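Below is one structure, written out as structure tokens; the observations come after it.
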Amino acid sequence: MASALLDTVTRPLAVVSVGTDHHRFDRMIRWTEHYANRHPEIRFVVQRGTSNSPRTLESHELIPHEELRTLFSDASVVICHGGPSTVMDARAVGRKPVVVPRDPELDEHVDGHQMRFARHLHEHRMAVVVWSEVEFFSALDAAIANPSTMLLPIKEKSVPVGVANVGRVLDDLLGIDTPIADVANPPLTVHRGFKS
């Protein structure tokens, strides 16, 4: 048991999320498994959704949202589909994700919004966007070799003054004792660093 615990502490962690869309994203699962087979020194945790389960990696159909965000914050590298919510969850906990957008021509999504969003992310350097398995391998090699390049500063969230003022008026009208700042700004887990 102690060696299993030590293993999870000393190995770099890569967290993969394909999201929850009903379209399968087997291509990203396949790329991940190909990479992982060449790199047994890395621990992979995969949220696979409706995609085929990888044969050799820890995978879960769904991971509860807060648990997934915690995994993201613990990861050396976060790998995800091009869903805006997943990308922003990774960034919110201080991780610049490696993004593989779903391609509707491969029946991975209903439309091309992930591909358009991925281009925006790339243009603004908000993520490492990859379009091929070769780029995927290269991005993971770089991220694992230098995990600090995938870290982002975590900014303190604040409630805009107007929202806070309206909230106070509503609180008074409804007799609510909890300040809006406490509701609007739940504690955000700061990244715990990375394992290397």
| query | Out of Arg168, Arg102, Arg116, which single residue is surrounded by 13 or more Cβ atoms within 10 Å (Cβ to Cβ) and at pLDDT 95 or above? | reply | Arg102
| message | I need the full set of residues from region 39-75 which are part of a loop (DSSP other than H, G, I, E, B), charged (D, E, K, R) and surrounded by 15 or more Cβ atoms within 10 Å (Cβ to Cβ), in order please. | response | Arg48
| message | For region 76-103: of the residues being in a helix (DSSP H, G or I), among the hydrophobic types (A, V, I, L, M, F, W, C) and in contact with a strand residue (DSSP E or B) (Cβ under 7 Å, 6 or more places away or on another chain), which is farthest from Val18 (Cα to Cα)? | response | Ala90
| query | Do we find a residue being within 19 Å of Pro147 (Cα to Cα), aliphatic (A, V, I, L, M) and not in a helix (DSSP H, G or I) anywhere in region 104-111? | reply | no
| query | Can you spot a residue in region 151-162 that is aliphatic (A, V, I, L, M), modelled with pLDDT of 90 or more and either closer than 16 Å to Met88 by Cα or surrounded by 14 or more Cβ atoms within 10 Å (Cβ to Cβ) (or both)? | reply | yes
| note | Residue hits (region 81-92; over 19 Å from Ile29 (Cβ atoms) and either of a type in the set (Ser, Thr, Tyr) or surrounded by 23 or more Cβ atoms within 10 Å (Cβ to Cβ) (or both)) are Ser85
| request: Would you please name the residue that is modelled with the lowest pLDDT, looking only at residues in region 1-18 that are among the hydrophobic types (A, V, I, L, M, F, W, C) and not in a strand (DSSP E or B)? | output: Met1
| Close pairs (7 angstrom Cβ cut-off, 6 or more residues apart or separate chains): at positive phi in region 72-101, modelled with pLDDT of 95 or more and assigned to a strand (DSSP E or B) anywhere | Gly94/Leu151
| query | Can you tell me which residues in region 112-151 are over 17 Å from Pro12 (Cβ atoms) and part of a loop (DSSP other than H, G, I, E, B)? | reply | Gly112, His124, Arg125, Met126, Ala127, Val130, Trp131, Ser132
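The values are calculated or read from the model by the stated rules, or taken from the named source; none is laboratory data. Because the structure is a prediction, the values reported are computed rather than measured. Using ideal geometry, Cβ is built from the backbone for each residue, glycine included, and neighbour counts are taken over all protein chains shown.
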